[in-house]
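This report concerns only the one structure given below.
We did not get these values from a lab; they are worked out from the coordinates using the rules stated. Since the model is a prediction, treat every value here as computed from it, not as a measurement. Backbone-built Cβ (ideal geometry, glycine too); neighbour counts: all protein chains shown.
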Amino acid sequence: MITKPKVKKYRLRRSDSPTSSARPIAPNVEAVAPDSTNAAVADVLQKEEMMFATPTDDGFGAQDFRSQTTAQKAPNEPDVQEAVATQSPAEMIDAIRREGLTGRQLRMARRVAQKQGLAPVSDYDAVRLLREKGIDPFKRSNMLELVVPDGKNKGDEAEVKSQLPSTVTAKPSLPSTEVISEDRRATEIMAIQRDIAKRRRRRATLLAIRMMVFVLLPTFVAGYYYYVVATPMYATKSEFVIQTAEPSSAGQLGGLFSGTGLATSQDSITVQGYLQSRDAMVRLNEDEGFKTHFSQENIDALQRIELDSTNEAAYSLYKKHVRIGYDPAEGVIKMEVSAADPETSAAFSKKLISYAEERVDQLTSRLRGDQMQGALESRAEAEVKMRDAQDRIVELQEKLGVLSPESEVQAIFGQITQLESELLTERISLQQFLANPRPNEAKVRASENKIAELQKLIAEYRAQLTESNANTGSLARISGELMVAQGDLAMRQEFLAAAEAQFEAARLEANRQVRYLSVGVSPVAPDEPTYPRSFENTILAFLIFAGIYLMVSLTASILREQV
């Protein structure tokens, strides 16, 4: 069972002093001496003068919150301070009475004074003695020291505390009994306002310093470079387009895009990439002296390169001074070349346009060459084979001694026909002779001999058509070989005609695939420098530095908040 700690009870006697009260619990506030009143008024005047005499701005401007009575009594401040310094114990007790302490507070003050070994004559005197000793009688630690268990001294209490585990006691949040006066409230408000104003001024000053260091100073350096140090550059602008010789009615689908920039977009992009390549820079340096021009002493350090610098350094500078853009809607390539003098800028631009024209011509030269080469080879092969077929026919004719097998066969058939008709006539005559009862033997024998000769000739002619000769062979074989050779010749002639047609088609296709460069805006040397654009570049530098500072400050504030 837990019992509440017991507290010693103290019986207070009434003091016989005329300054003490009859009842400490309800002190008589009405009986106040004139001297104590003057001391309190002096104390209030001193606090008010200290509050309004500070030179720091309190946020209320020139307004004066002092009352008329206080303003009238302000000139007597040294007298009041002297009176406060020479206050008697009785006057101090009167001032403590006017504080409005409760009876419980006065009893606690008496207990704390007795514990400290003091001998107060009254509760108010206990408060005075404790305050003179520098002890706050109403402090919570002093109140808790009054609760001491019976029968235990300090040594025993320390020994018990050392043996027990430490505990954390939560301090109850009790309402304060302190009464804040209007003067104190105004003083604290003005102190808070002065602190807020001081913090705002400090933050504004730090912000201005940071903006000056991280934004305005770099912007000033950039502006100084653009206005004073930077070398003027002259830019030459030109525009050109890549066109094709193919007519708009070349095909059903190809004719839809042949008149637009889409037909040559691939070639335009290729030319743009070539003009921005190291190859173009190296050729420009060899032809026009790109490195020599930008290594002059009159060019500022940021745009100047050494004469023996590497190609990479020269290429990085080349990309800054040669700008090429492509418009896919119109198919126009726009080029801007800048240099330290206008004549050099125009010369660089013309040389780059010539490089682009060469590159455009080389884009389809291989394709056109391959097409024409194939057509030429096919036509040459067809001609060779046709000539071989003709030579074969001539060789056969010379070898066989026959100019034309058809005519030879027709001649032989004609002779056979004629001999057969004569043989028929002679047989008819022989029959007539034999029909005579007494035929003439000589005529009959002659007719029979003639018939035999005619039959022999017909057999010989027929043998020429079918029987082969030792040297030339048969006429049928000769006719067949000549017919095969003539057929081969006819086929070779057809192949030659097809090769000729293919060659013509390839030539037309090669002509349609020719690309050429058409200059719309010729390069003209400017008479005024184009770069640097000092005002625009300075504003851009300010915006860039301000954006970087804003992002860094936001990132830092977010990280600080997270941490």
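Structural remarks
- Highest mean first, the peptides 194-200, 337-343 sorted by other C-beta atoms within 10 Å per residue fall in the order 337-343, 194-200.
- With 0.36 nm allotted per residue and the present C-alpha distance subtracted, the Val394-Asn440 stretch has 11.0 nm of extension available.
- Neighbour counts of C-beta atoms inside 10 Å place Tyr234, Tyr531 in the sequence Tyr531, Tyr234, starting with the fewest.
- As a calculated quantity, the FRET efficiency between Glu297 and Leu217 at R0 = 30 Å, using C-beta atoms, amounts to about 0.55.
- From most to least packed by mean Cβ count within 10 Å, the peptides 415-423, 308-316, 552-560 give 415-423, 308-316, 552-560.
- Net +/- balance of residues flanking Tyr355 in space, Cβ distance below 15 Å, scoring K and R +1, D and E -1: -2
- Simple spin-label estimate for Gln410 and Arg278 in nanometres, 7 Å along Cα-Cβ: 8.0 nm
- Under 14 Å, Cβ to Cβ, from Gly331 - net charge with Lys/Arg +1 and Asp/Glu -1: -2
- Positive contributions from Lys and Arg (+1) and negative ones from Asp and Glu (-1), summed over other residues with Cβ under 10 Å from the Cβ of Asp488, come out at +2.
- Theoretical gain in end-to-end length, Ala186 to Ser365 [0.36 nm per residue, Cα-Cα removed]: 54.9 nm
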